[in-house]
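To start, the structure under review is shown below, and the notes come after it.
The values are calculated or read from the model by the stated rules, or taken from the named source; none is laboratory data. Everything numeric here is computed off the predicted structure, so don't read it as measured data. Cβ coordinates were reconstructed from backbone atoms using ideal geometry, including for glycine residues, and neighbour counts include every protein chain displayed.
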Amino acid sequence: MLDLRLNCDTARRVLTGFIDNEVRKAGFERVVVGLSGGVDSSLSAFLAAEALGPGNVWGILMPYRTSNPESAAHAKLVVEALGIHSLTVDITPMVDAYFATFPDADQVRRGNKMARERMTILFDHSARLGGLVLGTSNKTELLLGYGTLYGDMASAVNPIGDLYKTQVRQLARHLKVPTVIVEKQPSADLWAGQTDEAELGFTYEEVDRVLYLLVDQRYEVADLIAEGFDERFVRAVYHKVQASQYKRRLPVIAKVSSRTIDRDFRYPRDWGR
Amino acid sequence: MRRSRVAVAQMAPILGDVEKNLALHEKAAREAISQSVNLLVFPELSLTGYFLKDQVTSVALMEQAPALDVLRNLSHRVAMVVGFVEEAPGHRFHNAAAYLEGGEIRHIHRKVYLPTYGIFDEQRYLAAGASIQAFDTALGRMAILICEDLWHPATAGIAAWDGAEIILCPSASPGRGLGQAEPFQNASTWERVIRAYGERTGPASGGGRRSSAPRDRPWPRQATWRKSFWWSRWRGAPCVGRGWPIRSSGTSGWN
């Protein structure tokens, strides 16, 4: 039951087909993707380059002054490997200008602000270049709520949102994303020395197994404990999934009319496409 | 059943646009005619696309709708199974499939089992059909079961008891459950189900043509499974429909 191995040939075919289909159906040919130098955005860029051709993919690097220089170096590896367009927008001036007014802001506020600053740049370049914003959130972080709402979670099309982090790595290896990117410690790089696994308190291998059983195989918490998983760990994961449910839905709308958006006004996202 | 050429129109209908989909059907039908196809099977809800939600009432057609004339006319040259939303008397909206032949609609099947699990929500928007019937065609006696219908073994049994030699099953089910094995998990399950129906009278049950199986055996003979029917071209879209026929491998009814 616990098998997170992916048939990479099929996944590659399905996901490139998905990008091609969804982007063209929306009336576009191009995508804009924020390149962090991490495995998620690198994989999204590799899939998009294969689906649409490298000439239709813009990789945007958006460093902050405290960003690890390795991040930009790895993002450039992706740009060079694929031959996609790229440009760099330094977000330091706008982020620092804002926090000059709020100098006491903590790391979380600063991190969220950076993620949302990057989002505005991606959507501005979406309009500038006529390309859809390609999502880079994987299933693990979407389920844990480990992302900034309307920040890195914002996109038009997300090819990797149904792949757990460990599956993202499998597919990235298969597509020959540079090994240094696939094997490095994942980090949101919002402050110096930050790593996902230190911040979350567990490894992706560990949490993916629990999430897969909870979500895909519909185990209850009690079933997982009976299977020998650590109770505190399982409950902590379950709580994160539950507490972040709001991030995966549209804002709740107070119902007063007879037909309310997203309740009883229901059309597919590609309505009329 | 006499030997005939059956083709599947593997296509991605445009969601909610009957006019454009009619043009896609016409194109596919003309191509089928040029290849001497006898029967062309379109996917479930091929005229409308599958994930319609609140569009159901906007895209529905009555059986007599003039919009279907172009297909009626083409059916003089190739028989077709076409999926559409049928508005039945009393404003009941059905997930339906029509068998067109010789310039007319010979039969309409209204999907009986409307799935409401996983990604599916059909019974919110559609009314369930109430019958499964075999019908005669120039190619033999047939029955249509739409997607989920076929997952309920009684439906294939009813069709067979009613004399169907061939079961046609249009579907718009997206591939899902990707793991290590090829193909998708639900595609493997489809294969097992169809094989089970086929083997019900195949070698395993002694029901082959030359066997001494009883004459009233209520299942169509050995179904021929062709993987390419649904795996030929994955297009990645949730509205991609795929249909495939199960056809009798023999040249006449079971013995």
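Observations
- Search result, residues across the stretch A:130-180 that are in contact with a Lys or Arg (Cβ under 9 Å, 6 or more places away or on another chain), within 22 Å of A:M62 (Cβ to Cβ) and of a type in the set (S, T, Y): A:Y146, A:T148, A:Y150
- Of the numbered criteria (1) within 19 Å of B:A172 (Cβ to Cβ); (2) modelled with pLDDT of 95 or more, the one B:I14 fails is (2).
- Within the set A:Y212, A:Y246, A:Y238, the sole residue that is over 13 Å from the mean Cα position of the chain (by Cα), outside any loop (DSSP other than H, G, I, E, B) and within 23 Å of A:R116 (Cα to Cα) turns out to be A:Y246.
- Only one of the numbered conditions (1) assigned to a loop (DSSP other than H, G, I, E, B); (2) surrounded by 20 or more Cβ atoms within 10 Å (Cβ to Cβ) is violated by A:I181, and that is (1).
- Options B:S75, B:S36, B:S4; residue that is away from chain A (no Cβ under 14 Å) and exposed (fewer than 14 other Cβ atoms within 10 Å of the Cβ): B:S36
- Single match in B:G102, B:G49, B:G83, B:G90 (criterion: out of contact with any helix residue (DSSP H, G or I) (no Cβ under 6 Å at 6 or more places or on another chain) and either within 14 Å of another protein chain (Cβ to nearest Cβ) or aromatic (F, W, Y) (or both)): B:G49
- Of everything in the stretch A:39-56 that is out of contact with any Ser or Thr (no Cβ under 7 Å at 6 or more places or on another chain), of a type outside the set (S, T, N, Q) and in contact (Cβ under 8 Å) with a residue 40 or more places away in the chain, the residue that is surrounded by the most Cβ atoms within 10 Å (Cβ to Cβ) is A:A48.
- Residue within the stretch A:251-259 that is part of a helix (DSSP H, G or I) and over 14 Å from A:L144 (Cβ atoms) present: no
- Qualifying helices (runs of 4 or more DSSP H) (wholly inside the stretch A:1-119; at least 1 residues being within 14 Å of chain B (Cβ to nearest Cβ) and touching a helix residue (DSSP H, G or I) at 6+ places or on another chain (Cβ under 7 Å)): A:8-25, A:39-52
- Any hit, the stretch A:212-223, residues being of a type in the set (S, T, Y), within 27 Å of A:S36 (Cα to Cα), in contact with a helix residue (DSSP H, G or I) (Cβ under 6 Å, 6 or more places away or on another chain) and without any contact (Cβ under 8 Å) to a residue 24 or more places away in the chain: no
- Residue list for the stretch B:20-49, filter: more than 18 Å from B:L168 (Cβ to Cβ) and either in a loop (DSSP other than H, G, I, E, B) or in contact (Cβ under 8 Å) with a residue 40 or more places away in the chain (or both): B:L22, B:E26, B:R30, B:I33, B:Q35, B:S36, B:T48, B:G49
- Residue selection: A:L6 satisfies the criterion of being of a type outside the set (D, E, K, R) and in contact (Cβ under 8 Å) with a residue 60 or more places away in the chain.
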